[in-house]
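Here's the structure, in structure tokens; my notes come after.
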């Protein structure tokens, strides 16, 4: 498990260890659950760490928030070279499953259609158009996964996860216009996934990798929208949500919440549900049920892990503390 001290990494280590799996963590940051302290850029360390393991779950990365604090060479070293080190070591060691946690940020500019166009319907077939070094290096790492699978028959599953971070939004207008939990619940409609559901997707990917051989999958909460909603979502999103969930306005009003006026993209998880047998639980309907009952819509796992931040010092809107960066 790379990135085992990070947000997703710690959640996976907790769940897998509780189920009796023998998990070896690899991270730059030490923690009570860590097995190896070091970087995935260290090729010799990676080879020693991978020896004898049945599966690799690769979560370590430089994230989008690191774009303002790390140069492009650092992103290439960690996200590309580090991933290649892991892939080649795993292939040499005969590892049975390699799961790479990627991101919907790989789609980049494809996620923002022109102002007069319908919302974008995002499936795995949409070609990536990276808009920053984070997206570019994650896309390159995905391509390396496919290359090593083809050349070495290493079973590889790529999970393009949507937002599951607990930190506040990095856009000033969103932080000013919405309560934080209000915004996150809204995002479950089209671009967010709960941490618990990401963990379940990773577990299924490990189990299914051998049979699948290779696959790329969007991991996001199941959207209630259909392609015929895309035009209205750009300018009349509340009316679309009202038709699908007539009770949402009353539930929101009790908290002073509101719906987004416009939605520009919709992530579609149908392939992950079909191929992996994935059944995400924490969607918008579940959130409404929790809110109606006076409960927090986030999973106990997400609440238990909490926010870790991305930098050792406060940087912009991101919280203090550090998550894994390779």
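Where a number appears in this text, it was derived from the coordinates with a stated rule and is not lab data. Since the model is a prediction, treat every value here as computed from it, not as a measurement. Here the Cβ positions follow ideal geometry from the backbone for every residue, glycine too, while neighbour counts run over all protein chains shown.
In terms of the Cα gyration tensor, with a ≥ b ≥ c the square roots of its eigenvalues, is the range 197-299 rounded because a/c is under 1.5, prolate because a/b exceeds b/c, or oblate?
Numbers: a/c = 3.35, a/b = 1.64, b/c = 2.04.
Oblate is the answer for the range 197-299, as a/c is 1.5 or above yet b/c matches or exceeds a/b.
Under the rule of -39500 (n - 2.57) per DSSP H run of 4 or more residues, summed and divided by the residues of the chain, what mean residue ellipticity at 222 nm is obtained, to the nearest 500 deg cm²/dmol? Mind showing how you got there, number by number?
On the way: 13 runs with 130 residues, N = 326.
The helix-only estimate for the chain comes to -11500 deg cm²/dmol at 222 nm.
Restricting things to alpha carbons, find the Rg to Rh ratio for the chain using the Kirkwood radius for Rh. Could you put the intermediate results ahead of the total?
Numbers: Rg = 19.4 Å, Rh = 20.2 Å.
Rg/Rh: 0.96.
Please say if the range 91-155 is rounded, prolate or oblate, where rounded means a/c under 1.5 for a ≥ b ≥ c the square roots of the C-alpha gyration tensor eigenvalues, and otherwise the choice is prolate for a/b larger than b/c and oblate otherwise?
Details: a/c = 3.54, a/b = 2.62, b/c = 1.35.
Taking the square roots of the gyration eigenvalues as a ≥ b ≥ c, the range 91-155 is prolate.
Average projected area of the Cα convex hull of the range 192-257, in nm²?
On the way: hull surface 26.3 nm².
Dividing the Cα hull surface by four gives the mean projection, 6.6 nm².
State the antiparallel share, in %, of DSSP beta bridges confined to the chain, rounding to the nearest 5.
Values: 1 of 26 bridges.
Percentage antiparallel, nearest 5: 5.
In whole angstrom, note down how far apart the Cα centers of the range 146-210 and the range 43-67 are.
18
Can you sort 40, 305 by how many other beta carbons sit within 10 Å, fewest first?
Fewest to most other Cβ atoms nearby, the residues stand as 305, 40.
Tell me, what are the semi-axes, in whole angstrom and largest first, of the equivalent ellipsoid of the range 49-114 as set by the roots of 5 times the Cα gyration tensor eigenvalues? Write down the numbers at each step before the final one.
Working: eigenvalues 151, 46, 15 Å².
Equivalent ellipsoid semi-axes, largest first: 27, 15, 9 Å.
Running a GNM on the chain with Cα contacts under 10 Å, which residue among 22, 169, 228 ends up with the highest mean-square fluctuation?
Highest fluctuation of the listed residues: 228.
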